[in-house]
Amino acid sequence: MKMSPPALAAGTTSLLSPPTAAVSAHPFPPTNHKPHSARIRLSSAAAATSSSRWVNPRAPPPRRGAGRSGANQRLHHLVHLGDLDAALLLVESMRDPERPAAVPCTLLIKKLCAAGRLDDAERVLGASERAGTADAVTRNTLVAGYCRAGGRLADAERMLASLALSGSADVVTYNTLVAGYCREGRLNDARRLVADMPFAPNSYTNSTLLKGLCSNKEWDDAEELLSEMIRSGCPPNDLTFGMIIHSLCQNGLADRAMGVLDQMSKCRCTRGVIVYNEIISCLAELGRVEEALHLFDQMPCKPDIFSYNTVMKGLCRDGRWEDAGTLIAGMVRKDCPPDEVTFNTVISYLCHRGLVDCAMEVVEQMPKYGCKPDNFTYSALVNALSERGCVDDALELLRTIPWKPNTVCYRSVLKGLCRADRWDDVGKLVAEMIRNQLNLDEVTFGLIIDCLCQKGLVDYGAEVLREMTKFGCSPDIIIYNSLINGFSENGSVDDALELFKNMSCKRNVVTYNYMLKGLCRAEQWEDAGKLVAEMVKDECLPNEVTFSTLISYLCQKGFVECAIEVFEKMPKYNCMPNVIIYSTLINGLSDQECVDDALKLLNDMPCKPDTICYSAALKGLCRAERWEDAGELILEMIRKNCLPDEYAHWFIVPEWAG
């Protein structure tokens, strides 16, 4: 039946067209508009939501204690603002019927733990427990806070014991403490807790323990746990397998990683491209390029650009340039064209091998593949030219870079200029860097200072040190070490000492060893002894280089007995004499005509003597005209596959001929 619209009263207009006289000039309600009817309609709509087709009838109910009261809303607001003190006061002041709800209390506990206020977090949990609103999430949040805070695992253990006693601990509580133990390397405690759990460990429990074992490099136990997980029907997921393979590959254990890869397929886990890339990269780093290529060819998934670049790196490390070119052609065929990383890998390895002309040819090919040289490309080329001594070519290339070169490019040219003693050009290039508003950092100044010191121009190096501060740079330990070594080599021990005493950073063992060398060269033995004592006081224990320096200079100056005393003190500092120290002492004893002592020291060596040790003892025997003993020593050298060197022949043959 056709329905007609209702009749309109006289003077009214259509429902679709308002009367023209009533049309407002703006869309806003009139000043006297009262939105009561709108409010009524909205409340009616809200009341009807329960039967609305847009509401999911199977949605879970709100979490108990979500907090709808006014006090809990204020608590939510304070926590959101980060006003933790006010929120804490409010929680402790809330009484029936407005009890502190679980959700805002949990959020407050989490924020207090993040701020390191764990005792206050426990006060919040106590208030929530007394109000009867605390739930598992609230309690576990505090346990996690104690586990993440350094040195508070005892509190986490206390909480777990209390929750277990009351029956409130769940598998998440135990897993949280297991993760805390693993994070701090307490794997035995983690194993014990897993064994004592009143629940069956879930996949998260075992995955957490696996991660701890891998972090602690306990590979056998990790593989045993992995096998147990598979046997128990609770195998790891893709992420856990990936974590294990990543840890193994990071430690160069490619064979173990491939074994885990095989287990992935047995557990019907997806062996994705990331997992394969990890193992291929590891094999390439280990120089096992053929195996990396074989695994690459056997991939069940499509290789990505990282896969190709990883294989490319392995080929270039082996110098297999023809295979690298074939790989690039294969990338284009398989719709995975090379990118800048691909070309930069080839270019950097060519430059490293000194094949700069080949690297230039590769650069010219880049545009054909939609790639452009970047800062890394030019830095590699400029550095290679500087290393070859082609400083003018490096400068010319620097000038042709189509954008402002970075500090690394300039630094490479500076290194070449310094090695070529072109100090005027060094100054000009530094001035150019300043004009181009490039940062003159500690590395740049350190490079110049080190080159000056190596060339014996240590006074100029000290002048550059003073200029550094004008550019907002402070000398680091490397710069101080270069200068102290330069002064020591130059015989300016007083200047070295003055710089040593006025260092603005903490000294390391290299600093002390350079200073010791200067004192020994100047025969300031008493000061040298005081310096070694100062090393110990400064918690910078002497090492083999320290003792080698002392023993070498004492023997050179004829103080072999003092050198033996120093030698005997080495074990006190957990230092073992190396072959250099033994050869120095044997040579010193031979020079002092203590040949029997030299031979005894040679025979008592815990390490294998080298040709220098034998030659030093031979020298003493020949000077003492003990030709029979010298002949036996040479036979011993031959038996031990340690043939006499040219020096030994030069010394022995004239004596025997005479």
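The values are calculated or read from the model by the stated rules, or taken from the named source; none is laboratory data. No experiment lies behind these values; they were computed from the predicted model shown. Note: ideal-geometry Cβ built from the backbone for every residue, glycine included; neighbour counts use all protein chains shown. Only protein heavy atoms, including side chains, enter the accessible area calculation; ligands, DNA and RNA are left aside. Shrake-Rupley method; radii C 1.70, N 1.55, O 1.52, S 1.80 Å.
The set of residues in region 238-283 being open to solvent by 10 Å² or more (accessible area, probe 1.4 Å) and small (Gly, Ala, Ser) consists of Gly242, Ser247, Gly252, Gly259, Ser265, Gly272, Ser281. Kindly check whether there is at least one residue in region 388-409 that is within 27 Å of Gly287 (Cα to Cα) and touching a helix residue (DSSP H, G or I) at 6+ places or on another chain (Cβ under 9 Å). Taking every residue of region 388-409 in turn, at least one turns out to be within 27 Å of Gly287 (Cα to Cα) and touching a helix residue (DSSP H, G or I) at 6+ places or on another chain (Cβ under 9 Å).
Yes/no matrix, rows are residues, columns are (1) at pLDDT 95 or above; (2) β-branched (Val, Ile, Thr); (3) touching a Ser or Thr at 6+ places or on another chain (Cβ under 6 Å):
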residue	(1), (2), (3)
Leu261	no, no, no
Thr270	no, yes, no
Tyr276	yes, no, no
Ile280	yes, yes, yes
Leu286	no, no, no
Asp297	no, no, no
Phe306	yes, no, no
Val311	yes, yes, no
Gly319	no, no, no
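Tell me which residues, restricted to region 194-229, are closer than 19 Å to Ala136 by Cα and either aliphatic (A, V, I, L, M) or under 22 Å from the mean Cα position of the chain (by Cα) (or both). Once the filter is applied, which keeps residues that are closer than 19 Å to Ala136 by Cα and either aliphatic (A, V, I, L, M) or under 22 Å from the mean Cα position of the chain (by Cα) (or both), region 194-229 yields Met197, Ala200. Return the residue satisfying two criteria in turn: it lies in region 551-583 and is under 21 Å from Gln524 (Cβ atoms) and polar (S, T, N, Q), and of such residues it is least open to solvent (accessible area, probe 1.4 Å). It comes out as Ser552. Would you say Tyr512 is under 29 Å from Ser590 (Cβ atoms), hydroxyl-bearing (Ser, Thr, Tyr) and open to solvent by less than 60 Å² (accessible area, probe 1.4 Å)? Spelling it out, it is not the case that Tyr512 is under 29 Å from Ser590 (Cβ atoms), hydroxyl-bearing (Ser, Thr, Tyr) and open to solvent by less than 60 Å² (accessible area, probe 1.4 Å). In region 70-101, the residue that is modelled with the lowest pLDDT out of those that are among the small types (Gly, Ala, Ser) and surrounded by 13 or more Cβ atoms within 10 Å (Cβ to Cβ) is Ala71. Screening Ile244 against (1) assigned to a helix (DSSP H, G or I); (2) farther than 17 Å from Asn277 by Cβ; (3) among the aliphatic types (A, V, I, L, M) leaves a single unmet condition, (2).
Can you confirm whether Gly287 is small (Gly, Ala, Ser), surrounded by fewer than 22 Cβ atoms within 10 Å (Cβ to Cβ) and assigned to a helix (DSSP H, G or I)? Judged against the criteria, Gly287 is not a match.
Residues that are among the charged types (D, E, K, R) number at least 3 in the following helices (runs of 4 or more DSSP H) confined to region 396-478: 407-419, 423-435, 458-468. For region 192-208, residues that are assigned to a helix (DSSP H, G or I) and touching a helix residue (DSSP H, G or I) at 6+ places or on another chain (Cβ under 7 Å) total 7. Quick check on region 449-470: of everything there that is over 14 Å from Asp495 (Cβ atoms) and acidic (Asp, Glu), which residue is surrounded by the most Cβ atoms within 10 Å (Cβ to Cβ)? Among residues in region 449-470 that are over 14 Å from Asp495 (Cβ atoms) and acidic (Asp, Glu), the one surrounded by the most Cβ atoms within 10 Å (Cβ to Cβ) is Asp450.
Scanning region 180-218 for residues that are among the acidic types (Asp, Glu) and either within 19 Å of Ser232 (Cα to Cα) or touching a strand residue (DSSP E or B) at 6+ places or on another chain (Cβ under 8 Å) (or both) yields one hit, Asp196.
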